[in-house]
Amino acid sequence: MVTANPAAVLGLILFLASGQHVAPLPAGAAITVGALESDSSVRTDAEECAGWSLSSRQVRTMFRTYHRLKEGELHAWYLYPSCWIKGTITVRDKTFHWEARPGNTLFTDWPDGIDKMLGGKHSDNPAGE
């Protein structure tokens, strides 16, 4: 039987209840990072998409530093460039999904299975590093 540290559990509950951030990925989370995909029929984002890639380390940083976007905040992010990278997170045999786009946005269903949109610090580096 696995027992949890009560202080850690309380900290996680308070962190999730704050509504600002999504829980960071556990150290043991298995992260997959797919290939860059694009939809050239939508529009051309050659400058933003050319050579854009992510590592599992960058994805982990996104989950640690990005915050959940509120409805009034959505317009501040460049939401829909025509390229993206998708991947998965597996924690304790449960798999969650994520999709990142240039412009520092991340769509995910981690940690509760509910779709949400996260935003990071505006910069030329999508992982905010």
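What follows draws every value from the coordinates through simple rules; no lab data is involved. It should be emphasised that the depicted structure is a prediction, and the values quoted were computed from it without experimental measurement. Neighbour counts run over all protein chains shown; Cβ positions are idealised from the backbone, glycine included.
Check the straight Cα-Cα distances from LYS116 and name the lysines below 17 Å, setting aside those fewer than 8 residues away within the same chain.
Answer for LYS116, where 17 Å is the Cα cut-off: LYS70, LYS86, listed by chain and number.
What does the charge add up to near LYS86, with Lys and Arg as +1, Asp and Glu as -1, over the other residues with Cβ less than 11 Å from its Cβ?
Net charge in that neighbourhood comes out at -1.
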